[in-house]
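Colleague: The structure follows.
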Amino acid sequence: MAVREVLKMGDPRLAEVARPVTDFASAELGALLVDMHDTMAAQNGAGLAAPQIGVPLRVVVFGYDTNPRYPEAPPVPPTILINPEIEPLDDAMETDWEGCLSVPGMRGLVPRHLAVRYRGFDQRGRPMEVEARGFHARVVQHECDHLDGVLYPQRVTDMRDFGFSDALARAGRFAGGAPCDDPPE
Ligand code: NI
């Protein structure tokens with residue numbers, strides 16, 4: 001289908017609350033999922049939310065083979081998650097670096113729940129329920145934030161921990177890191 005333009009921070013469409021999907025059989029949903037897959041693959045991203053390509057629906061896609069920050073973590077197969085809900089499994093938080101295709105070239109330190117359970121539906125409307133930890137849990141929280149109009153810089157608690165990835169890398173702040181949407185440079 002098509003690689004779509006990824007909206008950048010500052011575009012008001014990224015700040016909107018997206019609508020739930022109600023028709024899982026529609027041709028529009030099928031085409032959206034193909035475009036999201038193609039766009040994520042073209043950018044080598046770990047995840048993408050529909051609002052990032054200007055579609056205000058509660059749809060995210062994510063998946064990755066390996067992550068240098070969590071080398072022991074099993075890969076997450078390509079996942080389509082529609083109308084998601086996230087619930088933390090406990091109070092444990094973890095702070096790590098994130099990046100976003102909508103905030104290109106930048107990184108920030110973001111606290112997230114270490115372990116979550118997420119529920120939602122696949123592309124055929126079948127319910128799913130998954131428990132996730134570490135980077136998998138971080139990616140899901142990052143992508144689902146997009147559905148509520150939240151970008152990760154809004155979750156950085158100290159703005160000294162937000163900056164251009166090349167400058168942060170030169171300063172030794174992170175090496176490889178665990179960016180979410182935005183692939184390592
Ligand atoms: Ni993002």
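The values are calculated or read from the model by the stated rules, or taken from the named source; none is laboratory data. All figures in this text were calculated on a predicted structure; none of them were measured in a lab. Cβ sites come from the backbone with ideal geometry, for glycine too, and all protein chains shown count toward neighbours. We work out accessible area using only protein heavy atoms, side chains counted, and drop any ligands, DNA or RNA first. Shrake-Rupley method; radii C 1.70, N 1.55, O 1.52, S 1.80 Å.
Colleague: Quick one: in region 118-139, of everything that is open to solvent by less than 50 Å² (accessible area, probe 1.4 Å) and charged (D, E, K, R), which residue is modelled with the lowest pLDDT? Please lay out each step first, then the result.
Modeller: Step one: of region 118-139, the residues open to solvent by less than 50 Å² (accessible area, probe 1.4 Å) are 118, 120, 122, 125, 128, 130, 132, 134-139.
Right, trim to charged (D, E, K, R) and you get 122, 138.
On the way: Asp122: 97, Arg138: 94.
That would be Arg138.
Colleague: Count, please, the residues in region 39-76 that happen to be at pLDDT 95 or above and either on the phi > 0 side of the Ramachandran plot or open to solvent by 20 Å² or more (accessible area, probe 1.4 Å) (or both).
Modeller: Count: 5.
Colleague: Please count how many residues of region 4-38 are surrounded by fewer than 14 Cβ atoms within 10 Å (Cβ to Cβ) and aliphatic (A, V, I, L, M).
Modeller: Summing the residues that are surrounded by fewer than 14 Cβ atoms within 10 Å (Cβ to Cβ) and aliphatic (A, V, I, L, M) in region 4-38 gives 5.
Colleague: Working only within region 12-32, note down all residues that are among the acidic types (Asp, Glu) and touching a residue at least 24 places away in the same chain (Cβ under 8 Å).
Modeller: Let us first name the residues in region 12-32 that are among the acidic types (Asp, Glu), namely 16, 23, 28.
Matches in region 12-32: Glu16 only.
Colleague: If you don't mind, there's one more thing I want to ask. For region 149-163, which positions are more than 27 Å from Pro75 (Cβ to Cβ) and either crowded, with 18+ Cβ neighbours inside 10 Å or away from the ligand (no atom under 11 Å from the Cβ) (or both)? If you could, list the steps in order and put the result at the bottom.
Modeller: Restricting attention to region 149-163, the residues satisfying the condition of being more than 27 Å from Pro75 (Cβ to Cβ) are 149, 153-154, 156-163.
Passing the criteria: Gly149, Gln154, Val156, Thr157, Asp158, Met159, Arg160, Asp161, Phe162, Gly163.
Colleague: Which condition from (1) under 15 Å from Cys100 (Cα atoms); (2) part of a loop (DSSP other than H, G, I, E, B) is the one that Leu14 breaks?
Modeller: Answer for Leu14: the failing condition is (2).
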